[in-house]
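Since the structure comes first, as structure tokens, the remarks are kept for the end.
The values are calculated or read from the model by the stated rules, or taken from the named source; none is laboratory data. None of these values were measured; they are calculated from a predicted model. Using ideal geometry, Cβ is built from the backbone for each residue, glycine included, and neighbour counts are taken over all protein chains shown. Side chains are part of the model used for accessible areas, which takes the heavy atoms of the whole protein and leaves out ligands, DNA and RNA. Shrake-Rupley method; radii C 1.70, N 1.55, O 1.52, S 1.80 Å.
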Amino acid sequence: MEYKRKNVWLNISDDERNDLEALATDYMDFLNVGKTERLATSEIVRRAEEAGFKDIESFKSLKAGDKVYAINRDKAVALFVIGKRDFEDGLLIVGSHLDSPRLDLKPLPLLEKKGISYLKTHYYGGIKKYHWTNIPLALHGVIFNKDGEKVHVSIGEKEDEPVFFISELLIHLSKDLNEKKASNVIEGEQLNIMVGSIPLANEDDNPVKKNILRILEEKYNISEEDFLTAELEAVPAGRARSVGFDSSMIASHGHDDRVCAYSSLASILEVNGPEKTSVGLFVDKEEIGSVGSTGMTSQFFENTLLELMNLRGEANLLNFKRALKNSKVLSADVTLAEDPNFLEATEEQNTAKLGHGVALVKYTGSRGKGGSNDADAEYLEEVRRAFDKAGVIWQTGELGKVDQGGGGTIAYILAEYGMQVVDCGTPVISMHAPIELVSKADLYETYRAYKSFYENI
């Protein structure tokens, strides 16, 4: 009668393994094109349109079976498959986030120091700053030129493009540096990206910087002033890769939280004719508190739901409140996977294991469950039965030992409406590092879990 976790690899058929590998390949393609929240939103919309979803602006009315998407400032998006039942009966929501830790350029980033030109950054989200040195970086984002034209920037992903670099002191001279705490080995203001070293001829003042400005004007028709309103992000350059002699894992930037975003996208694209309206919700800014007009604390989801209810003739305050209260949610965010190299930070019995399936996380938060949603037993049992009905291989998890640290998700925000919410996502090793690691097996079971949620709740 003793409970034992199941290893996914030992409990799936050959046909399922083929499906697993196909899903992993498609996920890596998604990662390669969706390296920022803007790019991920664009890819989600592209795939949704291919699957028959249409922009909410194109609808004059709604009927059961309609597939709708709504975009929030190109950095968040929601997909809806309209159900047969009224909205007031509640929705089935899988909510993930598209942002990941990264380096953002400062408003006036370009400078020259000792014959090298740099872009200054301000890191976004929780990172170990020393992780971001000595690796190839790519730049993505948007910048408006002097003509008011919106220029999309992407440099460093193609084989024939240059990458960018943040230097760190050589080991031969690091005696004093090695005495510092890890959090101070590299300071935030040292995260300056090297972008050039060729001086412009016949220039005495900042000749390298001026040469970079010349290149930017020729290539993008932009000037230094245009950086003031730009939104540019530095992320690790390169493609997602399989890991191990057995190719059982995936190494990539952005598993947190695009592994859950992809899995929920793949599952909702397969939803047809549901009883209750099914929702795939993809938001921004989770890594800095879910704030801002594109984060979960904005009114984007609520406003969109009201628009949909209006299109179906159900828009009144009571119906709206009931729709929120009666909804059920999987907060689709990653959790910690046990790392055998760092067992001192986790508790063996309650930490998710790599390759043992999707993880249900009853509570997050830190030190006394502070900031946690803490799902109730009744809802956990309902989700458990839905997973078991579909044969999903799942486990439970938590984010480290008690008093060791912690973290949070969007769960508590949706729970404020009275929704039933539980965290459910893929275990990750090296979370928030520039390159993170997941198991293909856990990706597969995450997709199957979200699919079973839409089908069986």
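Considering only residues in the range 248-294 that are without any contact (Cβ under 8 Å) to a residue 24 or more places away in the chain and within 27 Å of Ile429 (Cα to Cα), the one that is most open to solvent (accessible area, probe 1.4 Å) turns out to be Val291. Looking across Ala332, Ala315, Ala323, one residue alone is at pLDDT below 95 and either among the aliphatic types (A, V, I, L, M) or closer than 25 Å to Tyr450 by Cα (or both). It is Ala315. Under the condition of being under 18 Å from Ser331 (Cβ atoms), among the charged types (D, E, K, R) and touching a strand residue (DSSP E or B) at 6+ places or on another chain (Cβ under 8 Å), which residue from the range 440-457 is surrounded by the most Cβ atoms within 10 Å (Cβ to Cβ)? So, considering only residues that are under 18 Å from Ser331 (Cβ atoms), among the charged types (D, E, K, R) and touching a strand residue (DSSP E or B) at 6+ places or on another chain (Cβ under 8 Å), the one surrounded by the most Cβ atoms within 10 Å (Cβ to Cβ) is Asp442. Of the strands (runs of 3 or more DSSP E) contained entirely in the range 1-118, not one carries at least 3 residues that are within 22 Å of Ile250 (Cα to Cα) and modelled with pLDDT of 95 or more. Residues in the range 136-149 that are open to solvent by less than 40 Å² (accessible area, probe 1.4 Å), at negative phi and either touching a helix residue (DSSP H, G or I) at 6+ places or on another chain (Cβ under 8 Å) or assigned to a loop (DSSP other than H, G, I, E, B) (or both): His140, Val142, Ile143, Asn145.
Tallying residues that are open to solvent by less than 50 Å² (accessible area, probe 1.4 Å), of a type outside the set (Val, Ile, Thr) and either out of contact with any Leu (no Cβ under 8 Å at 6 or more places or on another chain) or not in a strand (DSSP E or B) (or both) within the range 316-338 yields 9.
Checking each residue in the range 15-68 for being open to solvent by less than 20 Å² (accessible area, probe 1.4 Å) and among the small types (Gly, Ala, Ser) picks out Ala24, Gly34, Ala40, Ala48. Considering (1) closer than 30 Å to Gly34 by Cα; (2) surrounded by 11 or more Cβ atoms within 10 Å (Cβ to Cβ); (3) touching a residue at least 60 places away in the same chain (Cβ under 8 Å), the lone condition that Ser197 does not fulfil carries the number (1). Criterion first (acidic (Asp, Glu), at negative phi and in contact (Cβ under 8 Å) with a residue 12 or more places away in the chain) does Glu455 satisfy it? So Glu455 fits the description; yes. The residue pairs whose first member lies in the range 339-350 and is in a helix (DSSP H, G or I), whose second member is at pLDDT 95 or above and not aromatic (Phe, Trp, Tyr), and whose beta carbons are closer than 7 Å, counting only pairs six or more residues apart or on different chains, are Asn350/Thr396.
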